[in-house]
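Here's the structure, in structure tokens; my notes come after.
The values are calculated or read from the model by the stated rules, or taken from the named source; none is laboratory data. Note that the coordinates shown come from a computational prediction; the quantities given were computed from them, not determined experimentally. FYI the Cβ positions are ideal-geometry reconstructions off the backbone, even for glycines, and counts take in every protein chain you see. When the accessible area is computed, the model is the full protein with side chains, heavy atoms only, and any ligands, DNA or RNA have been set aside. Shrake-Rupley method; radii C 1.70, N 1.55, O 1.52, S 1.80 Å.
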Amino acid sequence: MARFIQEFTKGLWKEVPPFRFVLGLCPTLAVTGHVSSALGLGCGVIFVLLVSNSLIATFRNFIPSKIRVPVFIVIIASAVTIVELTMEAYFYSLYRVLGIWIPLIVVNCLILGRAEAFARKNNIILSIADGLGMGLGYTLSLMFLASFREIIGAGTWFGIRVMPASYIGFELLQRPPGAFICLGLILAAMNFISMRMEKKETHACAR
Amino acid sequence: MNNYILMMVTAIFANNILLVRFLGNCPFVGVSTNLDSAIGMSGAALFVNVLSSCITWMVYTFILVPLELEYLKTVAFILVIAALVQLVEIILQKVAPALYRSLGIYLPLITTNCMIFGVAVLNVQQKHTFMQTLVYSIATAIGFDLALIILAGIRERFSLGRIPTLFQGFPVALITAGLMGLCFYGFVGIGQ
């Protein structure tokens, strides 16, 4: 149980995907114009990670290691197809907004990365914890970036006005170039926080 | 003919695949630290993009559509692309060793490049004809190469300036890309 919690929580801060490792950058930049689309893509990624991690962990002893990457990719692509068809059937407006980014979950390095680094070596329960934690961390990071862009860029959050009515909005952040600049600033802020933490640790050691 | 030229200009400048559509950003930030590797990567990307677009278009039109298996396109395309990259690698090694050496290490990286897969899907989604597929894949790859080489050229100059420690590495590269995106954004309005 302790291992389960440990594997689950590492995805939330210590190894949080798009900020700590710059993996899966393209959707991070593309869908974060609005919080709702970020949440939609995040849910898709969580589902695909859960399916791929649990299936790969189940069959890890049967997959020959020489052809493991093609096998992983087929499993991931099948899960993505399920997400795509489900979204088209039940969440059509979200499906229209996300468009090409749903099939592109297949080439999100995060998912193949977890299969390769974790699910292929661990049992099914730990792999589910890992997939859930990483997926949740990824979704929260997407939503954080999207909140920043939507609140400052348009003055709304989930489409609901949060800034005073006189607030015009900093258009640039909603546009494509703003995505790069925002992500750059957030990475710099994360550097700042981890440098601060390191300094504290070395101070504590010196004492 | 005019349509094709318009399509090329739109895909290269106004809808630049990297800076406006955000496809293929992993190599964009990863490989752009020096000009030589950026040029190697752009050659490989152009080559594989055109080849894979044409082949996935054929697979879709001649195999998936007649059999009414359109929903399998994600699985089919990713397999075709992965196999194609392997095949290109093997053939180049045998036929053109010099070219293989210059593209060599960038070829495997291409499989996980979202641009290749994204362009293949876009071609099918926008119902391009074969000619349009060919032109569109060439144009998007040129747009990718242009942005990649410009960013690499700028990043080489970083070693001359003093960058605050907090911004070293990825942050400054992303902000530079953002400023470049702003320049490319000026082209929006050309074409459709």
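Please give the contour-minus-distance gain from residue B:126 to residue B:154: 0.36 nm per residue of separation, less the Cα-Cα distance, rounded to one decimal in nm.
Working: separation 28, 0.36 × 28 = 10.08 nm, distance 3.44 nm.
The span from residue B:126 to residue B:154 would gain 6.6 nm if fully extended.
Mind grabbing the interface size between B and A? I mean buried accessible area, both sides, 1.4 Å probe, in Å² to the nearest hundred.
Accessible area lost upon association: around 3100 Å².
In square angstrom, what is the accessible area per residue of chain A with a 1.4 angstrom probe?
Per residue, chain A has an accessible area of 49 Å².
Of all trypsin sites (Lys or Arg not before Pro) in region A:99-138, which ones are in loop regions per DSSP and have a Cβ with at most 14 other Cβ atoms within 10 Å? Before the final figure, lay out the partial values.
Values: sites: A:114, A:120, A:121; in loops: A:120, A:121.
Of the trypsin sites (Lys or Arg not before Pro), the ones in loops of region A:99-138 whose Cβ has at most 14 other Cβ atoms within 10 Å are A:121.
Relative to the present Cα-Cα distance, how much length would full extension add between residue A:199 and residue A:68 at 0.36 nm per residue of separation? Please list the in-between numbers first.
Values: separation 131, 0.36 × 131 = 47.16 nm, distance 4.23 nm.
That works out to 42.9 nm of additional length.
So which residue, out of B:84, B:99, B:19, gets the largest mean-square fluctuation from a GNM of chain B using Cα contacts under 10 Å as springs?
B:99
Taking the Cα atoms of region A:2-206 alone, what are Rg (to one decimal) and Dmax (as a whole number) in Å?
Considering region A:2-206 through its Cα atoms, Rg and Dmax are 18.6, 62 Å.
Between the chain alone and the structure with every protein chain in place, find the residues of region B:3-30 that drop at least 40 Å² of accessible area; heavy atoms, 1.4 Å probe.
B:22, B:25, B:26
Please get the size of the charge dipole for region A:2-206, origin at its Cα centre, with Cβ charges of +1 on Lys and Arg and -1 on Asp and Glu, quoted in debye to the nearest 20.
Dipole of region A:2-206, to the nearest 20 debye: 440 debye.
Top mean-square fluctuation among A:31, A:48, A:83, Gaussian network model of chain A, C-alpha springs under 10 Å?
For chain A, modelled as a Gaussian network with Cα springs under 10 Å, the answer is A:83.
Among A:72, A:59, A:19, which one moves the most in a GNM of chain A with springs linking Cα atoms closer than 10 Å?
Highest fluctuation among the options: A:59.
Please work out the average accessible area per residue across chain B, using the 1.4 Å probe convention, and give it in Å².
Accessible surface, normalised per residue, equals 47 Å².
Is there a simple number for the mean count of other chain Cβ atoms within 10 Å of the Cβ of residues in B:75-83, and what is it?
So the per-residue partner count for this stretch is 4.
On average, how many beta carbons from a partner chain sit within 10 Å of the beta carbon of a residue in B:113-122?
That works out to 4 on average.
Could you look at the protein assembly as shown and say what percent of its accessible area is carbon and sulfur, using a 1.4 Å probe and all protein chains?
69 percent
Provide Rg over Rh for the protein assembly as shown; use the alpha carbon set for both Rg and the Kirkwood Rh (inverse mean inverse pair distance). Walk me through the numbers before you get to the answer.
Values: Rg = 21.4 Å, Rh = 22.2 Å.
Looking at the protein assembly as shown, the ratio lands at 0.97.
Measuring from label point to label point, each 7 Å out along Cα→Cβ, what is the residue A:59 to residue B:2 span in nm?
5.4 nm
With the solvent-accessible surface defined on protein heavy atoms using a 1.4 Å probe, which residues belonging to region A:91-123 display a reduction of at least 20 Å² in accessible area in the multichain context relative to the isolated chain?
A:100, A:101, A:103, A:104, A:106, A:107, A:109
Once you keep just the Cα pairs under 8 angstrom separated by 6 or more residues, what percentage relative contact order results for region A:1-156? Please list the in-between numbers first.
Numbers: 194 pairs, mean separation 73.4, N = 156.
For region A:1-156, the relative contact order is 47 percent.
If R₀ is 45 angstrom, what is the calculated FRET efficiency for the pair residue A:166 and residue A:97, using the beta carbon separation as r and rounding to 0.05?
0.95
Computed over the Cα atoms, what is the radius of gyration of region B:7-185 divided by 2.2 N^0.38 Å, N being its residue count?
1.09
Take each uninterrupted DSSP H stretch in chain A, measure its Cα extent along the helix axis, and return the ones at 24 Å or beyond whose mean Kyte-Doolittle hydropathy is at least 1.6.
Answer set is A:35-58.
What trypsin sites (Lys or Arg not before Pro) in region B:145-178 are in a loop by DSSP, with at most 16 other Cβ atoms within 10 Å of the Cβ?
Counting only loop positions with at most 16 other Cβ atoms within 10 Å, the trypsin sites (Lys or Arg not before Pro) in region B:145-178 are B:162.
Give me the dipole magnitude in Debye, nearest 20, for region B:7-185 about the Cα centre, with unit charges on the beta carbon: positive for Lys and Arg, negative for Asp and Glu.
The calculated dipole for region B:7-185 is roughly 260 debye.
Could you work out the local net charge near residue B:163, counting Lys and Arg as +1, Asp and Glu as -1, over the other residues with Cβ closer than 13 Å to its Cβ?
Working: positive: B:155, B:157, B:162; negative: none.
Taking every Cβ under 13 Å from that of residue B:163, the sum is +3.
With an 8 Å cut-off on Cα pairs and a minimum separation of 6 or more residues, tell me the relative contact order of chain B in percent.
46 percent
If I require 20 Å or longer along the helix axis, counting alpha carbons, and a Kyte-Doolittle average no lower than 1.6, what helices from chain B are left? Use full DSSP H segments.
B:73-95, B:170-185
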